[in-house]
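Working notes, structure below.
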Amino acid sequence: MVTIRAATANDLPACRAVWLATEGLDLPTGAETLPLHEHELRRGRLLVADSGAAGAAGIVGFGATLTRSGVAYLSDLFVAPAEHGHGIGGRILQALFADHAGPRFTMASGSLAARALYERHGMQPSWSLSYLLGDVVSIDTSAIADPSVTVRRAAVDDVVALDHEVTGRDRRPELEHEVGTLGGHVVLIERAGRPIGHAVVIHGTWWVPWRPRGTRVAPVVVRDATDAPAAFAAAIDYARALGATVINSFVPAPHPAHDALLTAGLRSIDSDLHMTSEPSLVDPTRYAPSIDTV
Ligand SMILES: CC(C)(COP(=O)(O)OP(=O)(O)OC[C@H]1O[C@@H](n2cnc3c(N)ncnc32)[C@H](O)[C@@H]1OP(=O)(O)O)[C@@H](O)C(=O)NCCC(=O)NCCS
């Protein structure tokens with residue numbers, strides 16, 4: 001009998017194991033727990049499906065939401081491959097949304113089972129999100145760079161209001177996680193001393209199986225969509241100055257920088273589908289999210 005219950009810190013190694021098994025991945029590190037799961041436990045809602053078997057083998061699935069300003073982001077939903085198709089994913093989702101009737105969204109993988117479940121829980125396909133990756137030596141952003149746009153390191157306090165203005169949510173916990181736990185830099189992007197946006201640059205993403213030593217440029221947030229390509233160019237320059245060799249980012253297909261970044265030398269290695277109860281919740285022309293803490 002599988003029960004759905006709130007996770008505890010003891011469950012985090014099992015969540016990591018379910019995630020790696022489901023994705024068919026391994027990590028080049030001995031870390032027992034993953035930063036996203038720690039964040040979900042501390043500042044979101046993390047549920048596990050527990051079969052009752054002793055130890056880590058008892059955990060057969062998990063799911064999580066990060067709810068900010070009344071909007072729920074479904075940040076994880078994974079069931080161990082041997083248990084697929086027995087209703088466990090649906091039960092986790094049901095429990096996560098049981099006391100949340102409000103707006104919700106997620107970034108869905110290619111799994112048709114996941115997409116079917118999300119539609120049943122009120123989220124419809126909206127736009128696709130490309131996972132972009134590029135070697136710094138082959139990235140040329142000169143066509144989108146704007147010499148009047150500058151970038152400098154800032155504090156979470158300096159960007160939280162602008163972030164809220166663009167995303168419609170108070171994402172302070174996510175920014176604090178990216179800076180405090182993941183060692184990211186918040187950077188303010190300015191034109192003639194006036195803030196036009198901000199970004200997070202994380203140099204050394206050990207927890208990413210497909211790019212363990214990459215530098216993550218995400219999210220990139222701009223007040224005005226027309227500034228989006230120049231903001232990306234400035235954030236990539238900042239990553240370059242930190243010593244990045246490989247850059248990864250996540251860019252919605254409708255985002256003004258999407259095609260320009262492909263032309264600049266990044267390539268798309270995967271994609272997610274934004275599914276939402278309200279297409280206006282996330283503006284894909286001004287907000288290029290991180291896939292973890294959207
Ligand atoms: C997505 C996932 C969590 C679902 O968990 P699960 O326990 O297998 O899900 P359930 O059994 O509750 O429900 C699956 C539903 O999808 C349906 N489904 C399965 N395969 C399908 C397909 N190819 N096309 C359409 N629907 C499909 C099932 O019929 C079922 O619907 P039903 O309840 O009406 O019968 C699980 O498959 C998983 O971990 N997948 C890999 C990781 C992943 O992609 N996670 C989502 C990240 S966004």
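Read-outs: derived from the displayed coordinates by stated rules, not from any lab. In this text the structure is predicted, and so the values were computed from the model without any measurement. Every residue, glycine as well, gets a Cβ built from its backbone with ideal geometry; the counts of neighbours run over all protein chains shown.
Would you calculate a helix-derived [θ] at 222 nm for the chain, using -39,500 (n - 2.57) for each DSSP H run of n ≥ 4 and dividing by the full residue count, to the nearest 500?
Mean residue ellipticity at 222 nm (helix-derived): -8500 deg cm²/dmol.
Going by the alpha-carbon gyration tensor, a ≥ b ≥ c the square roots of its eigenvalues, is region 243-293 rounded (a/c under 1.5) or, if a/c is not under 1.5, prolate (a/b greater than b/c) versus oblate?
prolate
Can you give the percent of C-alpha pairs in region 67-196 whose distance is more than 24 Å?
51
Out of all DSSP beta bridges with both ends in the chain, state the antiparallel percent to the nearest 5.
Antiparallel: roughly 90 percent of the beta bridges in the chain.
Residue by residue through region 286-294, what is 3J(HN,Hα) from phi via Karplus (6.51 cos²θ - 1.76 cosθ + 1.60, θ = phi - 60°)? Round to whole Hz and write x for glycine and proline.
For region 286-294, the Karplus-derived couplings read 10, 10, 9, x, 7, 6, 8, 10, 5 Hz, x marking Gly and Pro.
What does the C-alpha gyration tensor say about the overall shape of region 163-294? Classify as rounded when a/c is under 1.5, otherwise prolate if a/b is larger than b/c, or oblate.
The shape class here is rounded.
Kirkwood hydrodynamic radius (Cα pairs, Å) of the chain?
19.5
Report, as a whole number in µm² per second, the diffusion coefficient that Stokes-Einstein gives for region 28-121 at 4 °C and 1.567 mPa s using the Kirkwood radius over alpha carbon pairs.
The diffusion coefficient I find is 92 µm²/s.
Local charge sum around A260 (other residues, Cβ-Cβ under 14 Å, Lys/Arg +1, Asp/Glu -1)?
The answer is -3.
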